[in-house]
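The values are calculated or read from the model by the stated rules, or taken from the named source; none is laboratory data. Keep in mind that what you see is a predicted model, and the values were worked out from it rather than measured. Backbone-built Cβ (ideal geometry, glycine too); neighbour counts: all protein chains shown. Heavy atoms of the whole protein, side chains included, go into the accessibility calculation; ligands, DNA and RNA do not. Shrake-Rupley method; radii C 1.70, N 1.55, O 1.52, S 1.80 Å.
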Amino acid sequence: MLSKIIAEDLVSRLREAIDIKEKIVIVSHVGPDGDAVGSSLALWHYLHQLGKTAQVIVPSAFPSFLDWMPGASNIIVYEKDKEKADDVFLLADLIFALDFNTPSRVDKMQDALLNSPAPKILIDHHLHPDSFAQIVISYPEISSTSELVFRAICRMGHFDKITLECAQCIMTGMMTDTGGFTYNSNQPEIYNIISELIKLGVDKDDIYRKVFNTFSVDRLKLSSFCVYKKMKVFPKYKAALIALSMDELEKFNYRQGDTEGIVNMPLSIEGVIFSVLMREDSDKIKISLRSQGAFPANKVASDLFGGGGHLNAAGGESYMTLKETVDKFKKALPDYLEFLEEQE
Ligand code: 5GP
Ligand code: MN
């Protein structure tokens, strides 16, 4: 039996809201990752089991290694299909916001989300949720939103409504937000849930292959190029940086999602506990930060790059040039020495 992490009154309010609403929209964050898509589709499958009309809308495209997910072809990508998405928002009588803590994380979809009179339910595991939802199911100690969706469904007494497809989506989200259960994955109950999902028929190893082992040739070459040619290691600061320009990305026919995971690679070096990847986009530099132990990647993200996230996995953006962004980072590194000392 899982411990009752989600408060009882939240479970009853959630159950009540779902009971009386029929047209439900599920939204997640820009640059949706495995947990964003996994938790959204898991909830979508569940709501279908209840006979509800539900629609997942994400602000921007998700990486192609998630295309196989059951229900993925029904997702509306706001950037590509704004009119259709706006029509769905207009009809919505309930909106779920999954895997983000502040409306700005839905990017250009923010107005559609905030202007809708439909009540909103947040299910998330990021720190400090903004108050834009009527029901806030926020548990930062839980390693994925997909796990929270599983817990919420079970607490509503509906374990029997979790289909194989729903279970596959939950597994994907739990797996991707923990790097295949290699970080943020020491809560024993994670493995009780995994066990339940496998009993429902989920092939964990197959999902691992689909998510982590379906690189294109270009993508694998890009990751090698990053390590061989682009990685800078700063031993004194136990840090590493990879900064990629648009020109470099184009040489490897960059597709959305191709840099996913590259930021983790320097962490396999002994003595490196903080790794940063900067990727030049057409209008900004996107920054991914990863750390180990108590070193706060999210603090660096918010101090330097207007971002945030989790202690060990965070992100942000920069509107300077790539070179300026790199310089700003290098200059700031000494400021974080104190956290390295705490680590020792
Ligand atoms: P990733 O590096 O995979 O894009 O993001 C890792 C985590 O950092 C995400 O799960 C999210 O919590 C956070 N994150 C990424 N980008 C941003 C951002 O621009 N702003 C904020 N506040 N958090 C971000
Ligand atoms: Mn997540």
Handout entry: For the range 218-341, share of DSSP beta bridges that run antiparallel, in % to the nearest 5
Key = 75 percent
Fill in the blank from the handout: Sorted on mean Cβ neighbours within 10 Å (highest first), peptides 275-282, 328-335 come out as 275-282, 328-335
Practice task
Give the accessible area for Arg13 in Å² (nearest 10); use a 1.4 Å probe, count only protein heavy atoms, and leave out ligands, DNA and RNA.
Solution key: 100 Å²
Problem - Accessible surface of Tyr183 - all protein chains present, 1.4 Å probe, nearest 10 Å² - result: 70 Å²
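Per residue Cα convex hull volume for the range 248-329, in cubic angstrom? Numbers along the way, then the final one.
Numbers: hull volume 8.1 nm³, N = 82.
Roughly 99 Å³ of hull volume per residue.
What's the magnitude of the charge dipole for the chain around its Cα centre, counting Lys and Arg as +1 and Asp and Glu as -1 at the beta-carbon? Answer in Debye, nearest 20.
Working: 37 positive and 48 negative charges, 99 e Å.
Charge dipole of the chain: 480 debye, to the nearest 20.
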Practice task
Quick one: what are the phi-derived ³J(HN,Hα) couplings along the range 135-148, Karplus 6.51/-1.76/1.60 with θ = phi - 60°, whole Hz, x for glycine and proline?
Solution key: 10, 10, 9, 10, 9, x, 6, 8, 7, 8, 5, 4, 4, 5
Problem - Scattering curve values for the chain, log₁₀ I(q)/I(0), Debye with Cα scatterers, q = 0.09, 0.14 Å⁻¹ - result: -0.48, -1.16
Handout entry: ³J(HN,Hα), Karplus 6.51/-1.76/1.60, whole Hz, each residue of the range 334-341, x for Gly, Pro
Key = x, 5, 9, 4, 4, 6, 6, 5
Completion exercise
Once phi for every residue in the range 76-81 is put through the Karplus expression 6.51 cos²θ - 1.76 cosθ + 1.60 (θ = phi - 60°), the whole-Hz ³J(HN,Hα) values, with Gly and Pro written as x, are 8, 9, 3, 3, 8, 9
Handout entry: Beta bridges by DSSP in the chain, antiparallel share as percent, to the nearest 5
Key = 40 percent
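Determine the share of the range 152-237's accessible area contributed by carbon and sulfur atoms, expressed in whole percent, with a 1.4 angstrom probe. The partial results should precede the final answer.
On the way: 2400 of 4550 Å².
Solvent-exposed carbon and sulfur of the range 152-237 make up 53 percent of the total.
Tell me, what is the FRET efficiency for Asp130 and Asp303 to the nearest 0.05, using R0 = 22 angstrom and their Cβ-Cβ distance as r? If you can, show how the numbers build up before the last one.
Numbers: r = 20 Å, r/R0 = 0.89.
With R0 = 22 Å, the Cβ-Cβ based efficiency is 0.65.
Divide by every residue of the chain the summed helix terms, -39500 (n - 2.57) for each DSSP H run of at least 4, and state the resulting mean residue ellipticity at 222 nm, rounded to the nearest 500 deg cm²/dmol. Before the final figure, lay out each step's value.
On the way: 13 runs with 132 residues, N = 344.
Helix contribution divided over all residues of the chain: -11500 deg cm²/dmol.
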